[in-house]
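A.B. asks: Dumping the structure here so I can ask a few things about it.
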Amino acid sequence: MKLFEGGAYLVNGTEVYADNADGVGQMKKAQITADRTSAKKGTIAYGILTDHNTSGSDEKLQIKFDKLTSHDITYVGIIQTARASGLEKFPIPYVLTNCHNSLCAVGGTINEDDHMFGLSCAKRYGGIYVPPHQAVIHQYAREALSGGGKMILGSDSHTRYGALGTMAMGEGGPELVKQLLGRTYDIDMPDVVAIYLTGNVNPGVGPQDIALAIIGEVFEKGYVKNKIMEFVGPGVANLSVDYRIGVDVMTTETTCLSSIWVTDDKVKEYYEIHERPEDYKELRPQAVAYYDGMIEIDLSTIRPMIAMPFHPSNTYTIAELKANLMDILDDVEKRAAVSLDGQVDFTLKDKVRDGKLYVDQGIIAGCAGGGFENITDAADILRGKSIGPDEFTLSVYPASTPIYMELVKNGCMADLMETGAIVKTAFCGPCFGAGDTPGNNGFSIRHSTRNFPNREGSKLQNGQIASVALMDARSIAATAANKGYLTGADEIDASYGKPKYHFDGRIYKNRVFDSKGVADPSAEVRFGPNIKDWPAMVELPENLILKVVAEIHDPVTTTDELIPSGETSSYRSNPLGLAEFTLSRKDPAYVGKAKEVQKAQRAVEADSCPGEALPEIHDVMDAIHTKFPDIKRRNIGIGSVIFAAKPGDGSAREQAASCQKVLGGWANIANEYATKRYRSNLINWGMLPFIIEKGDLPFANGDYILVPEIKKAVADKLSDIPAYVIKDGGLTAFTLHLDALTDDEREIITDGCLINYYKRICSAG
């Protein structure tokens, strides 16, 4: 795998020329001339983005999407926000799937209450409702929503349909609210990086292996962060559509913005199989296309891979792991000590038996693993074998009921069940900690999307620990055939039948509610007792007093650590109830500290003395008055702030930010933000996404920070923000930074949140 140091030209889809003297010289010898500016317009990504841009500028984009999709962790909050902002009808197709809160084991009736809310909203506002267990969100989108040259916005981070010619993006809920209210998705024209594929995969190598190889190479380098990955080159034609989909969905773990692939007759056949031939569109870069970066990958060099705990980028070939087992397990323990903050003892060395690594559990599931070809190949490996009667278990979750039905018809399901494997319905639970939780100290191998801490369902705060390694379905099946001892699929002889897929659309026609875009204002929205409105939020004050209530120095902080997944998902429709879980696995004291500071803010809002609600504010105000005597109760806001070195990797869910705001948070301070979507979530909830340069922090957990004239600084578009640490009766100056904000984003922050922003502009006419 080769990462270019600079840009590159792609000519006729097959000739690569580096953007350097040698490369340009070779182009001239081949009598190819290209202007970089015009060649940038030759990418597939550029064409799709400009087709959906409404700004009139090729630099500052204002995108309107063709379709939207959400699942039952996010759609209640999105619709509630849109309702509070004046929603009358879904203006474009909006699909509400139910694949996360499918089980009602936590919280009694509240999960199904959310589902009934979704169905009633689909009727009232003109949407599409996919009942539980029918399909995971992204498989339904592939089967029923995708289209060549289209754009889809989803409230799940793995919203990726590039292999089908659809540019899709996963963002926090407020970005979908903007689309529902006729607004736009505002971004600068992103860089585009070519993923130039050659060669063919070897037997036993699956799409997850290709994906993990890419993630391991680019994640820490930030090579594709917030960029578009465009898959091109002759190797694309050598991959089936299922393989392309399996690679594509994992591009989220590179932190790219989105992805797109060239399309061909295989993609055309996919649309024909799914009874939508009109949605196919051939997509190819123009004769000369310029890319801001390029990764060359010879598919024949990819070997079965494994991503060890606790991140998809912690990758090795399975052969490398087996050859250096104890050294790599030692490294995993060192990484885990950072990720887990020493909360529990963690080791995988006790899984080594006779020099081999034993696995407790295998899972093939969700939008990454539950595809037809993954499961049929796994069945081919396991046919006639047994997973054994010991600790090891194997569960398989087809990604949709149509896939499940075809596996039943062609006999693969029976082949799997005969081995001792358990086959379950379409459900995302194993990917976020709500299904198939291993025993304490258990080790699970999964063809799913993530292996962050707690993604398997354990609870560090209760002294529980289990861990996940990511692998391809084929190597999981090979391990199962070896009764739990880690085995790469290239270590066994298997004959892959590659049965043809037949899609039966009657399943969805008989069960999915589709309004066909027709709203019914007479339909009443059904509310369960757990579905609550967002609490009132005040506008940004003239001056901010912030107390640091959490300090996290991990290299990366995931959204799972900011607001845990798993059983907490049942409270997604209750902002105050969910907020009680904020940082519970990372800093259990956070909620109590934030609430104490919030008492002072509520006193300010009630025009009473904040020092009576929080006595330490008296000393804070005395120190402030030594330099700023005009800062008074009438012009201050008091709130909490967290510092994290690099927060926001992982899920798109907005609650990672909104829960902090509900508890009185006004800002985050970070060295950098892991993803655009987390920074956008902060902004949309009226929180300042401050940046501070790497190095020794001028403040510590428990310190107060003054940010004077912050409202004016935001309005004046300042990038360097003066701030002061309040300590020992004095003020120590330092500088915070605000990266570029759009005019709308500045107004959203000033108004206090997106809801307030829409209320204001709607009331103004």
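Laboratory data are not the source of any read-out in this text; all were calculated from the coordinates shown. Everything quoted here is computed from the prediction, not taken from an experiment. Cβ coordinates were reconstructed from backbone atoms using ideal geometry, including for glycine residues, and neighbour counts include every protein chain displayed.
A.B. asks: Distance between the C-alpha centers of region 333-347 and region 88-163? Whole Å please.
C.D. replies: 36 Å
A.B. asks: Between the alpha-carbon centers of region 223-257 and region 689-763, tell me the distance in whole angstrom.
C.D. replies: Cα centroid to Cα centroid, the span is 37 Å.
A.B. asks: OK, next. So between Thr109 and Lys694, what do we pick up on full extension, going 0.36 nm a residue minus the alpha carbon distance?
C.D. replies: Working: separation 585, 0.36 × 585 = 210.60 nm, distance 4.68 nm.
Extending this stretch completely gives an extra 205.9 nm.
A.B. asks: Along the Cα-to-Cβ line of Val338, 7 Å from the Cα, sits a label point; which residues in region 205-246 have backbone N less than 18 Å from it?
C.D. replies: Zone members listed by number: 215-223.
A.B. asks: Same structure, new question: In terms of modelled amide H atoms, which long-range or inter-chain residues lie less than 5 Å from the amide H of Asp191?
C.D. replies: The list, which skips near neighbours in sequence, is Ile228.
A.B. asks: Once the Cα atoms of helix 754-763 and of the chain are each reduced to a long axis, what angle between those two axes, in degrees from 0 to 90 to the nearest 10, is obtained?
C.D. replies: 70 degrees
A.B. asks: Mind listing the phi-derived Karplus ³J(HN,Hα) values for region 326-338, rounded to whole Hz, using 6.51, -1.76 and 1.60 with θ = phi - 60°, and x for any glycine or proline?
C.D. replies: 5, 5, 5, 5, 5, 5, 4, 4, 5, 5, 5, 4, 6
A.B. asks: By count of other Cβ within 10 Å, fewest leading, how are Arg585, Arg83, Arg353 ordered? Provide the component values of the computation, followed by the final result.
C.D. replies: Numbers: Arg585 24, Arg83 18, Arg353 10.
Fewest to most other Cβ atoms nearby, the residues stand as Arg353, Arg83, Arg585.
A.B. asks: I've got another one for you. Report ³J(HN,Hα) in whole Hz for each residue of region 239-248, in order, from the Karplus equation J = 6.51 cos²θ - 1.76 cosθ + 1.60 where θ = phi - 60°; Gly and Pro get x.
C.D. replies: Ordered by residue, 3J(HN,Hα) equals 9, 5, 5, 4, 5, 4, 4, x, 6, 4 Hz.
A.B. asks: Of Leu583, Leu49, Ala8, which is farthest along the charge dipole of the chain in the positive direction, counting Lys and Arg as +1 and Asp and Glu as -1 at C-beta?
C.D. replies: It is Leu49, whose Cα lies furthest towards the positive end.
A.B. asks: Could you tell me what percent of the DSSP beta bridges with both partners in the chain are antiparallel, to the nearest 5? Don't skip to the answer; put the middle values down first.
C.D. replies: Details: 42 of 104 bridges.
Within the chain, antiparallel bridges account for around 40 percent of the total.
A.B. asks: Sticking with this one: Calculate the spin-label point distance for Ala589 paired with Asp554, positioning each point 7 Å from the Cα along the beta-carbon direction, and give it in nanometres.
C.D. replies: Between Asp554 and Ala589, the label points sit 1.8 nm apart.
A.B. asks: Continuing with this model, one more query. How far apart, in nm, are the 7 Å Cα→Cβ label points at Asp390 and Lys349?
C.D. replies: 2.1 nm
A.B. asks: Which listed residue (Cys367, Gly463, Ala519) has the Cα farthest towards the positive end of the charge dipole for the chain, taking +1 on Lys and Arg C-beta and -1 on Asp and Glu C-beta about the Cα centre?
C.D. replies: Result: Ala519, furthest along the dipole toward the positive end.
A.B. asks: If you don't mind, another one. Any of Lys227/Lys586; Lys322/Lys356; Lys266/Lys424; Lys89/Lys178; Lys89/Lys516 with alpha carbons more than 18 Å apart? Name them for me. The partial results should precede the final answer.
C.D. replies: On the way: Lys227/Lys586 30 Å; Lys322/Lys356 7 Å; Lys266/Lys424 29 Å; Lys89/Lys178 13 Å; Lys89/Lys516 12 Å.
Over 18 Å apart, Cα to Cα: Lys227/Lys586; Lys266/Lys424.
A.B. asks: Could you please rank Asp703, Asp188, placing first whichever residue has the fewest other Cβ atoms within 10 Å of its Cβ? It would help to have the intermediate numbers written out before the result.
C.D. replies: Values: Asp703 17, Asp188 12.
In order of increasing Cβ crowding within 10 Å: Asp188, Asp703.
A.B. asks: Follow-up question, since we're still on this one. What is the calculated FRET efficiency for Asp493 to Thr37, with r their C-beta to C-beta distance and R₀ = 51 Å, to the nearest 0.05?
C.D. replies: On the way: r = 53 Å, r/R0 = 1.05.
Calculated transfer efficiency: 0.45.
A.B. asks: Same structure, new question: Counting other beta carbons within 10 Å of each Cβ, put Met308, Met169 in order, fewest first. Present the calculation step by step, with values, prior to reporting the outcome.
C.D. replies: On the way: Met308 22, Met169 25.
Least crowded to most crowded, the residues run Met308, Met169.
A.B. asks: What 222 nm value per residue comes from the helices of the chain, counting each DSSP H run with n ≥ 4 as -39,500 (n - 2.57) and dividing by all residues, nearest 500 deg cm²/dmol? Numbers along the way, then the final one.
C.D. replies: Numbers: 29 runs with 241 residues, N = 765.
For the chain, the value works out to -8500 deg cm²/dmol.
A.B. asks: Give, rounded to the nearest 20 debye, the magnitude of the charge dipole that region 1-48 has about its Cα centre when Lys and Arg contribute +1 at Cβ and Asp and Glu contribute -1 at Cβ. Write down the numbers at each step before the final one.
C.D. replies: Working: 6 positive and 5 negative charges, 22 e Å.
So the dipole magnitude of region 1-48 works out to roughly 100 debye.
A.B. asks: Enter the Cα centre distance for the pair region 575-589 and region 477-491, rounded to the nearest angstrom.
C.D. replies: Going from one Cα centre to the other spans 39 Å.
A.B. asks: Based on the Cβ-Cβ distance of Glu418 and Gln461, what FRET efficiency does E = 1/(1 + (r/R0)^6) give at R0 = 41 Å, to the nearest 0.05?
C.D. replies: Values: r = 40 Å, r/R0 = 0.98.
Approximately 0.55, to the nearest 0.05.
A.B. asks: At what distance in nm do the modelled label points of Met326 and Ser240 sit from each other, each positioned 7 Å from its Cα along Cα→Cβ?
C.D. replies: Label at Met326, label at Ser240, 4.1 nm between them.
A.B. asks: Still on this structure: For region 305-492, rounded, prolate or oblate, judged on the Cα gyration tensor with a ≥ b ≥ c (square roots of eigenvalues), a/c < 1.5 rounded, else prolate if a/b > b/c? The partial results should precede the final answer.
C.D. replies: Values: a/c = 1.98, a/b = 1.48, b/c = 1.34.
Prolate.
A.B. asks: Give the cross-link partners of Lys627 among the lysines, using a straight C-alpha distance below 22 Å as the criterion and excluding same-chain residues fewer than 8 apart.
C.D. replies: Counting by Cα, and skipping residues close in sequence, Lys627 has these lysines nearby: Lys547, Lys711, Lys712, Lys727.
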